[in-house]
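We did not get these values from a lab; they are worked out from the coordinates using the rules stated. Only a predicted model underlies this, so the values are computations on that prediction, with no experimental measurement involved. Neighbour counts run over all protein chains shown; Cβ positions are idealised from the backbone, glycine included.
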Amino acid sequence: MSDRVCLVTGVGPGTGAALAKRFAGGGYRVAMLARNAERLQTLAGEIEGSKGYACDVSDRVALENVLADVRSDLGAPNVVVHNAVGGAFGDFMATTPEILRQNFEVNAIGLLHLAQLTVPEMIEDGGGAIVCTGNTSAHRGLANFSGFAPTKAAQRILAESIARAAGPQGVHVAYVTIDAVIDLAWTRAMFKGKPDDFFIQPAHIADECFHVVQQPRSAWTFNVEIRPYAEQW
């Protein structure tokens, strides 16, 4: 598996770091993308076989330059996990066009950039995978998610469109809906007093994403939903 390379966007202290650790532990060299270069440097020192690249995925030129560095340093990505997210809280009256546009650039346009810049090479190399981490905002528009839900819904539909085009050419595209509160320091503070099993663990999200990438071609999944056992849905 030494020739396998996984690129993860939005690598922070939660799901992104867990994804990088899981794929590195599974034998991949891991390119970690995020805006925070200092955090990436720290993680790269903790995760063997990984390297950090400071990048805004909504910036096409910056992403092209980073991908050139990734190919030189680690090799061409066989797997891309688009975990970077632009989000905001507020109803439609509180949502400005700028907020909606900014989130759309990260969530949907970022996916478009990544797919256009990596899928052709995956096809040429005989296959690959793109996984998006999403949430229930991709399926429903709650009142206080007007600046977020439309962009995640667009991301999911774009991923499906990519899947229908690239799947027959050997590239597995999947959308992982996380119907849960992710266990992070700030979510623990927000939901103070909740039991441990109220939260979903970043490592368990990463395990599922890794599992999806390993699925045989005769049994690929596109829509994946994960949630704690007690979550109402």
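Please report the relative contact order for region 132-202, taking Cα pairs under 8 Å with a sequence separation of at least 6, and give it as a percent rounded to a whole number. All intermediate terms of the calculation are to be shown ahead of the outcome.
Working: 74 pairs, mean separation 21.7, N = 71.
It comes to 31 percent, rounded to a whole number.
Under 19 Å Cα to Cα from residue 21, which lysines show up? Leave out anything in the same chain fewer than 8 places away.
Within the straight-line limit of under 19 Å, residue 21 reaches these lysines: 51.
In deg cm²/dmol, rounded to 500, what helix-only [θ] at 222 nm does the chain give when every DSSP H run of at least 4 residues adds -39500 (n - 2.57) and the total is split over its residues?
Numbers: 8 runs with 95 residues, N = 233.
Helix contribution divided over all residues of the chain: -12500 deg cm²/dmol.
Let me have the relative contact order for region 23-89, percent, based on Cα pairs under 8 Å that are six or more residues apart. Walk me through the numbers before you get to the answer.
On the way: 66 pairs, mean separation 17.5, N = 67.
Rounded, it is 26 percent for region 23-89.
Can you tell me the relative contact order of region 5-226? Whole percent, Cα pairs under 8 Å, sequence separation 6 or more.
On the way: 406 pairs, mean separation 43.7, N = 222.
It rounds to 20 percent for region 5-226.
Which residues' amide hydrogens lie under 5 Å from the amide hydrogen of residue 223, considering only partners 5 or more residues apart or on another chain, with H built in the peptide plane?
175
Along the positive direction of the dipole of region 5-226 (beta-carbon charges: Lys, Arg +1; Asp, Glu -1; about the Cα centre), which of 32, 18, 89 reaches farthest?
Working it through, the farthest residue towards the positive pole turns out to be 89.
The list (1) 61, 32, 13; (2) 23, 21, 19; (3) 26, 20, 19 gives values of semi-axes √(5λ) of the Cα gyration tensor in Å, and only one came from this structure; which label was calculated from it?
For semi-axes √(5λ) of the Cα gyration tensor in Å, the calculated option is (3).
I'd like the distance between the alpha-carbon centres of region 11-28 and region 150-226, rounded to an integer number of Å.
Region 11-28 and region 150-226 have Cα centres spaced 14 Å from each other.
Please give the helix 15-25 orientation as an angle from the longest Cα principal axis of the chain, in degrees from 0 to 90, rounded to the nearest 10.
Helix 15-25 and the main axis of the chain meet at about 30 degrees.
With θ taken as phi - 60° and the coefficients 6.51, -1.76 and 1.60, list the Karplus ³J(HN,Hα) couplings across region 193-202 in order, rounded to whole Hz; mark glycine and proline as x.
x, 6, x, 4, 7, 6, 9, 9, 8, x
Using a 10 angstrom cutoff on alpha carbons, build the Gaussian network for the chain and name the most mobile of 36, 83, 103.
36
Report, to the nearest 10°, how far helix 149-166 tilts away from the longest principal axis of the Cα atoms in the chain, using its own Cα long axis and a range of 0 to 90°.
On a 0 to 90 degree scale, this one is about 30.
Measure nothing but the geometry: give the 0 to 90° angle between the long axis through the Cα atoms of 110-125 and the longest principal axis through the Cα atoms of the chain, rounded to 10°.
30
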